[in-house]
1. Go through (1) within 8 Å of chain B (Cβ to nearest Cβ); (2) out of contact with any Cys (no Cβ under 9 Å at 6 or more places or on another chain) and name the single condition A:GLY44 misses.
2. In the set B:SER4, B:SER24, which member is out of contact with any strand residue (DSSP E or B) (no Cβ under 7 Å at 6 or more places or on another chain), near DNA strand C (Cβ under 10 Å from one of its atoms), within 23 Å of A:ALA27 (Cβ to Cβ) and open to solvent by less than 40 Å² (accessible area, probe 1.4 Å)?
3. Would you pick out the residues in the range A:73-84 that are more than 9 Å from DNA strand D (Cβ to nearest atom) and either touching a helix residue (DSSP H, G or I) at 6+ places or on another chain (Cβ under 6 Å) or part of a strand (DSSP E or B) (or both)?
4. Across the range B:53-97, what is the number of residues that are under 11 Å from the mean Cα position of the chain (by Cα) and among the β-branched types (Val, Ile, Thr)?
5. Tell me whether the range A:10-21 contains one or more residues that are within 11 Å of DNA strand D (Cβ to nearest atom), open to solvent by less than 40 Å² (accessible area, probe 1.4 Å) and among the charged types (D, E, K, R).
6. What do you reckon, is A:ALA18 among the small types (Gly, Ala, Ser), in contact (Cβ under 8 Å) with a residue 12 or more places away in the chain and touching a helix residue (DSSP H, G or I) at 6+ places or on another chain (Cβ under 6 Å)?
7. Looking at the range A:21-37, which of its residues are of a type outside the set (A, V, I, L, M) and at pLDDT below 95?
8. How about the range B:30-72: which of its residues are outside any helix (DSSP H, G or I), buried (at least 19 other Cβ atoms within 10 Å of the Cβ) and more than 11 Å from DNA strand D (Cβ to nearest atom)?
There are 2 protein chains.
Amino acid sequence: MGTSKLELFTKEQNEIAAIAKALSHPARIAIIQSLLKKNSCVCGDLVEETGLAQSTTSQHLKELKNAGIIQGSVDGVNVCYCIDVKTWTKYSNLFAKFFEAATHVKSQCC
Amino acid sequence: MGTSKLELFTKEQNEIAAIAKALSHPARIAIIQSLLKKNSCVCGDLVEETGLAQSTTSQHLKELKNAGIIQGSVDGVNVCYCIDVKTWTKYSNLFAKFFEAATHVKSQCC
DNA sequence: TTACTTAATCGTAATATTGCGATATGTTTT
DNA sequence: AAAACATATCGCAATATTACGATTAAGTAA
């Protein structure tokens, strides 16, 4: 136990949940917002941005990378991260679709 | 440790992360989708929908309720759940705004 | 080569999440 | 009142997440 029973749900449900999971920590939201604003894309700057330890920030970056949201490329001693626009757009559409389903709900049933 | 350092982040960042957390389990996505489709709104039916134990489903419902996404009202022996449309719309807009920020990003920086 | 810098990974501790069975609570029905 | 039903809560076990310091790896500069 302690593990989610993923096999009970549809591919889409698991996908939406997985993306939401990647977005479920404020540090990761902060990182994404920072990258979208393009104030910087260097890992060291993101460490300052989050206010967390370097190792912790690195862990969050890894999760965002695994989710396909960001990508990093080595630039000398630094690593430059950026939003993977293609994936981001895909996720954006998926969430928009998911949320929009409620526009047809006129009234509360209870 | 093990606790997120919420005080390091903005109210908005924490809010987005909190909503995402509520959406970060496929069972909860399944519940929401079911309620949006209005196939049913009775707790017992949602237990079947998820395929999880009654107590586990009840726990997921509680989390969605805590996040303000759904509301339940007692109807005799049953409890009828439904989407809180007002909150849902609010969250929908918040996420749309969050995702849209990337439409201005023309190219990858790295 | 050695020293320095940056970032990833490892090891570990604290806490949170997921899931279930058992039990409690509250509402109908008999 | 007693039995039946639906749902919430409790207690527990397994696993996941968050965070940090220490270490490793790899590039750059002296």
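1. (1)
2. Testing whether each residue is out of contact with any strand residue (DSSP E or B) (no Cβ under 7 Å at 6 or more places or on another chain), near DNA strand C (Cβ under 10 Å from one of its atoms), within 23 Å of A:ALA27 (Cβ to Cβ) and open to solvent by less than 40 Å² (accessible area, probe 1.4 Å) leaves just B:SER24.
3. Of everything in the range A:73-84, those that are more than 9 Å from DNA strand D (Cβ to nearest atom) and either touching a helix residue (DSSP H, G or I) at 6+ places or on another chain (Cβ under 6 Å) or part of a strand (DSSP E or B) (or both) turn out to be A:SER73, A:VAL79, A:CYS80, A:TYR81, A:CYS82, A:ILE83.
4. So the count comes out to 4.
5. Checking the range A:10-21: not a single residue is within 11 Å of DNA strand D (Cβ to nearest atom), open to solvent by less than 40 Å² (accessible area, probe 1.4 Å) and among the charged types (D, E, K, R).
6. Values: among the small types (Gly, Ala, Ser): yes; in contact (Cβ under 8 Å) with a residue 12 or more places away in the chain: yes; touching a helix residue (DSSP H, G or I) at 6+ places or on another chain (Cβ under 6 Å): no.
Here the answer is no, as A:ALA18 does not meet what is asked.
7. Result: A:LYS37, single match.
8. Correct list: B:LEU52, B:ILE69.
The values are calculated or read from the model by the stated rules, or taken from the named source; none is laboratory data. This one's a predicted model, so the numbers in the text were calculated from it and none came from an experiment. Virtual Cβ from ideal backbone geometry, glycine too; neighbours counted across all protein chains shown. Side chains included, ligands, DNA and RNA excluded: accessible areas come from the protein's heavy atoms. Shrake-Rupley method; radii C 1.70, N 1.55, O 1.52, S 1.80 Å.
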